[in-house]
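The values are calculated or read from the model by the stated rules, or taken from the named source; none is laboratory data. Treat the numbers as computed from the prediction; the structure is a model and nothing was measured. Using ideal geometry, Cβ is built from the backbone for each residue, glycine included, and neighbour counts are taken over all protein chains shown.
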C-alpha cells in the first residue's frame, strides 16, 4: 500500500508545482498588461490631450484646418495640420499677410490667429518663404531692437546671436530703425533690412503645426 501511494504523492507534488508556476505566470501577465494599459492611458492624455486642446484653440481662430500625411512612425501615420490656406514648411505653418500695418499691429494680428511674426531659423526656411513673396513688397519679421542699441530680439525669445542672421550687406545701419523686414533688392536678392517700426508693411505670421 505504501508503494502504491508514493507515485500518487509525487504526481500531486508535480501538479501543485505546475499550478504555482501557472499562477505566477498569469499574475505576471496581468501585471504587465495593467502596466501597458496604464502607459497607454498616460501617453494618450499627454499626447492627444494636448493635441485636442491645441486643435480646440485653433478652431477659435480658424474655421477649417488642412491636414496631410508626413510619413509614418512606430505608432502609424503621422498627420500634420495647418490652418486652411497657410503654407507648410518644416514644423511650422506660415501666413503671408496682404494687409499693410505697423510692426506692433502686425504682431497683434498674428497673435489673434494663434501665431506670431515669423522667426527665421535657417537659410532653407527663408529660401522657402521668399518663393511665396512679392519682390516689390517688404515684410515685417518677428525681430526688433526696441532700445536701438543693437540688441535685436526675436518675438519667441529665440537667441538672436545663436540664430541665423541674413541681413543685407551693411545692414542694420541706423539705430532709429528698430524693426526688421525682409525685402528684395536688385543685384542682391532677398535679405533683411532695418526699418522704422511705425512704417506700414506686409508681414508673415508663423505657428507650430498640429500633429495627430
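This table checks each residue for (1) surrounded by 12 or more Cβ atoms within 10 Å (Cβ to Cβ); (2) part of a loop (DSSP other than H, G, I, E, B); (3) modelled with pLDDT under 95; (4) touching a strand residue (DSSP E or B) at 6+ places or on another chain (Cβ under 6 Å).
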| site | (1), (2), (3), (4) |
| --- | --- |
| 136 | no, yes, no, no |
| 141 | yes, no, no, yes |
| 149 | no, yes, yes, no |
| 163 | yes, yes, yes, no |
| 169 | no, yes, no, no |
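Only one residue in 185, 190, 167 is over 23 Å from the mean Cα position of the chain (by Cα), over 24 Å from residue 112 (Cα atoms) and touching a residue at least 60 places away in the same chain (Cβ under 8 Å), so which one is that?
On the way: 185 fails: touching a residue at least 60 places away in the same chain (Cβ under 8 Å); 167 fails: touching a residue at least 60 places away in the same chain (Cβ under 8 Å).
Answer to the selection: 190.
Against the condition within 24 Å of the chain's Cα centre (by Cα), within 30 Å of residue 71 (Cβ to Cβ) and free of Cβ contacts under 8 Å to residues at least 40 places away in the same chain, how does residue 153 come out, does it pass? Show your work before the answer.
Working: within 24 Å of the chain's Cα centre (by Cα): yes; within 30 Å of residue 71 (Cβ to Cβ): no; free of Cβ contacts under 8 Å to residues at least 40 places away in the same chain: yes.
In short, no.
For region 190-212, what are the residues that are assigned to a strand (DSSP E or B) and closer than 21 Å to residue 152 by Cβ? Let's see the steps before the verdict.
Step one: of region 190-212, the residues assigned to a strand (DSSP E or B) are 190-195, 201-208, 210-211.
Residues satisfying the conditions are 190, 191, 192, 193, 194, 195, 201, 202, 203, 204, 205, 206.
Yes or no: residue 156 within 23 Å of residue 97 (Cβ to Cβ), in the same structural domain as residue 107 (by TED's automatic domain parsing) and loosely packed, with under 15 Cβ neighbours inside 10 Å? Talk me through it step by step, then tell me what you get.
On the way: within 23 Å of residue 97 (Cβ to Cβ): yes; in the same structural domain as residue 107 (by TED's automatic domain parsing): yes; loosely packed, with under 15 Cβ neighbours inside 10 Å: yes.
The answer is yes for residue 156.
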